[in-house]
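Engineer: Okay, handing you the structure first.
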């Protein structure tokens, strides 16, 4: 609940004076004429009207005088409770997103949105524990154990994805509203100790600190009741995953201001369609973020084949920010993806995935690394591991690590079918100096397969268009020594939720992906460019140098336009003649 400052002042004054006791208009005038409001009677009217619109003021007619009204303030706690209330019934995708939006709107001005994600995640694993418990208990009784023995057996950690101790499961915490913050904090600590893979998720979530004031304590209580409304263990991972993604997307504009990057899922989906990961392949994201690249790679195989084949996809990723890594772990689990290996660390200096004394080799490398990341010049990169193997084409400037990321990804894929897709700043296509030297070497070694210019305003953190680069260590014969340029700058629709943003529709994605896969050349949209031409352009990869959208030329019907012109000339003559008559009648003579 966020009131404008002037209205918050008046709510606080009235609450101090009356709390939930009824009052009349003249009573409100007496209170609001004081400092700091100093309102006139007209201004009091406005304040009461706005409080009613905000849902914080009930109004009814005075039974003793129908000309007057009686007002009663709602406490913020009551308002929060009403806002979070949900109808009974089955939880659908829309219901879940609606509930999360209510939760987000209440929590966004107070604390980090990760509290909502942690609650969603914790409710899910507790519900799964209950389901696993019931199955293990049933199996034990079938094996001849008594009911008491079956219960003891079913509690063993071997039957559960996560070890959740007695007293800390969701319903245990919910039973004691007064101790919810304390119990959640204890649960986080216990789970981190018993399940090392969850340490990153729970170590930095402090429910006690969050509930240091009364309003936040009530919000937490209501959030617990909100998530308690339905069991989540039978809810589809797709629905839960979409809900999780909805939260990330909902807060993306706010987090972009703080430097965090959310890659629109339609951009990732386009990239995955182009790279086309297959069962048994290794897919690696060196700039993991919230794991969107890995999740959509998994989903791609699941949609093209089935879940069994998707589970045979090997997913690996590395992330430097521990809080973002926690989001990624929760996101993967919520999507029911358990075969991913993700690690914490600075990829450009300390890559975590190795084979002996060398970098591990993958089939697919996919990423949207930080654009123009500074601080990774030659002196810094030489302090990192495997720099001899990774930066063969040279070192970038301190101002932008774009080509450091690209070289790391090139070094991380195998020679047999290694392919790379990277979302990157458009500037890396044409900047000079060190970047041009690296770019030249990569082009001469014929590693770059396609350059795709994206539309502007796709990303929450920048209006810049961005580009997708596709590299391939085993290019098809007809693609050798040339690069496919695709100018997709006009392939967009207005974003359905954010007025200032654009998005890629499914039709946009399909057109771009098909042009890449089929190697189509379309005037003003796509074109293969030989390496000789690129060399003549000084190894500049700016897409508009090679493909520029053709402007539609309007055909002119000359006879029709001539006829229209004569009609207009006739109308002008008639109006002029009438005007001359009027002027003459008024005594104005032409001199």
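The values are calculated or read from the model by the stated rules, or taken from the named source; none is laboratory data. Keep in mind that this is a model prediction, so the values were computed, not measured. Cβ sites come from the backbone with ideal geometry, for glycine too, and all protein chains shown count toward neighbours.
Engineer: Return yes when residue 182 is within 24 Å of residue 228 (Cα to Cα), outside any loop (DSSP other than H, G, I, E, B) and in the same structural domain as residue 195 (by TED's automatic domain parsing) and no when it is not. Quick ask: steps written out before the conclusion?
Structural biologist: Details: within 24 Å of residue 228 (Cα to Cα): yes; outside any loop (DSSP other than H, G, I, E, B): yes; in the same structural domain as residue 195 (by TED's automatic domain parsing): yes.
Criteria met by residue 182.
Engineer: Starting from residues that are assigned to a loop (DSSP other than H, G, I, E, B) and touching a residue at least 40 places away in the same chain (Cβ under 8 Å), keep the ones in segment 5-41 and report whichever is farthest from residue 67 (Cα to Cα).
Structural biologist: Restricting to residues being assigned to a loop (DSSP other than H, G, I, E, B) and touching a residue at least 40 places away in the same chain (Cβ under 8 Å), the top hit is 19.
Engineer: Looking at segment 474-501, I want the residues that are at positive phi and have a partner that is in a loop (DSSP other than H, G, I, E, B) with Cβ atoms under 9 Å, at least 6 apart or on another chain. Which pairs are those?
Structural biologist: That search, which allows pairs on different chains as well, returns 481/446; 481/475.
Engineer: It is to be established whether one or more residues within segment 506-519 are free of Cβ contacts under 8 Å to residues at least 40 places away in the same chain and more than 30 Å from residue 252 (Cα to Cα).
Structural biologist: Scanning segment 506-519 turns up at least one residue that is free of Cβ contacts under 8 Å to residues at least 40 places away in the same chain and more than 30 Å from residue 252 (Cα to Cα).
Engineer: Considering only segment 421-431, I want to know if a residue exists there that is part of a helix (DSSP H, G or I), touching a helix residue (DSSP H, G or I) at 6+ places or on another chain (Cβ under 6 Å) and at negative phi. Outline the logic, then answer.
Structural biologist: We begin by selecting, within segment 421-431, every residue part of a helix (DSSP H, G or I); these are 426-429.
Adding the requirement that they be touching a helix residue (DSSP H, G or I) at 6+ places or on another chain (Cβ under 6 Å) leaves 428.
Among the residues that remain, those that are also at negative phi are: 428.
Yes; the residues of segment 421-431 include at least one that is part of a helix (DSSP H, G or I), touching a helix residue (DSSP H, G or I) at 6+ places or on another chain (Cβ under 6 Å) and at negative phi.
Engineer: Now a separate question. Out of all the residues in segment 535-542, is one or more within 22 Å of the chain's Cα centre (by Cα) and modelled with pLDDT of 95 or more?
Structural biologist: First, pick out the residues of segment 535-542 that are within 22 Å of the chain's Cα centre (by Cα): none.
No.
Engineer: I would also like to ask the following. Quick one: would you say residue 296 is part of a helix (DSSP H, G or I), in the same structural domain as residue 319 (by TED's automatic domain parsing) and at pLDDT 80 or above?
Structural biologist: yes
Engineer: Quickly run through segment 493-503 and pick out the residues that are assigned to a loop (DSSP other than H, G, I, E, B) and crowded, with 19+ Cβ neighbours inside 10 Å. Step through it out loud before you land on a result.
Structural biologist: Within segment 493-503, the subset assigned to a loop (DSSP other than H, G, I, E, B) is 495-501.
Passing the criteria: only 501.
Engineer: Counting just the residues of segment 480-492 that are surrounded by fewer than 21 Cβ atoms within 10 Å (Cβ to Cβ) and touching a strand residue (DSSP E or B) at 6+ places or on another chain (Cβ under 6 Å), which one comes out farthest from residue 273 (Cα to Cα)? Give the steps one after another, and end with the answer.
Structural biologist: Just the residues of segment 480-492 that are surrounded by fewer than 21 Cβ atoms within 10 Å (Cβ to Cβ), to begin with: 480-482, 489-490, 492.
Within this subset, residues satisfying the condition of being touching a strand residue (DSSP E or B) at 6+ places or on another chain (Cβ under 6 Å) are 482, 489, 492.
Numbers: 482: 21, 489: 19, 492: 17 Å.
Ranking the candidates gives 482 first.
Engineer: Determine whether residue 219 is modelled with pLDDT under 85, within 25 Å of residue 335 (Cα to Cα) and assigned to a helix (DSSP H, G or I).
Structural biologist: Numbers: modelled with pLDDT under 85: yes; within 25 Å of residue 335 (Cα to Cα): no; assigned to a helix (DSSP H, G or I): yes.
In short, no.
Engineer: Please list, ordered by first then second residue, the pairs with beta carbon atoms under 7 Å, 6 or more apart or interchain, first in segment 538-550 and over 14 Å from residue 522 (Cα atoms), second exposed (fewer than 15 other Cβ atoms within 10 Å of the Cβ) and modelled with pLDDT of 95 or more.
Structural biologist: 545/537
Engineer: Right, residue 583: at pLDDT 75 or above, surrounded by 10 or more Cβ atoms within 10 Å (Cβ to Cβ) and out of contact with any helix residue (DSSP H, G or I) (no Cβ under 9 Å at 6 or more places or on another chain) or not? It would help to see each step written out before you state the result.
Structural biologist: Details: at pLDDT 75 or above: no; surrounded by 10 or more Cβ atoms within 10 Å (Cβ to Cβ): yes; out of contact with any helix residue (DSSP H, G or I) (no Cβ under 9 Å at 6 or more places or on another chain): yes.
So residue 583 does not fit the description; no.
Engineer: What is the one condition in (1) more than 29 Å from the chain's Cα centre (by Cα); (2) assigned to a loop (DSSP other than H, G, I, E, B); (3) farther than 12 Å from residue 531 by Cβ that residue 456 does not satisfy?
Structural biologist: (1)
Engineer: When segment 362-383 is examined, which residues are found to be touching a residue at least 60 places away in the same chain (Cβ under 8 Å) and either part of a strand (DSSP E or B) or more than 27 Å from the chain's Cα centre (by Cα) (or both)? Give the steps one after another, and end with the answer.
Structural biologist: Here is the first cut: in segment 362-383, the ones touching a residue at least 60 places away in the same chain (Cβ under 8 Å) are 362-371.
Hits for segment 362-383 are 362, 364, 365, 366, 367.
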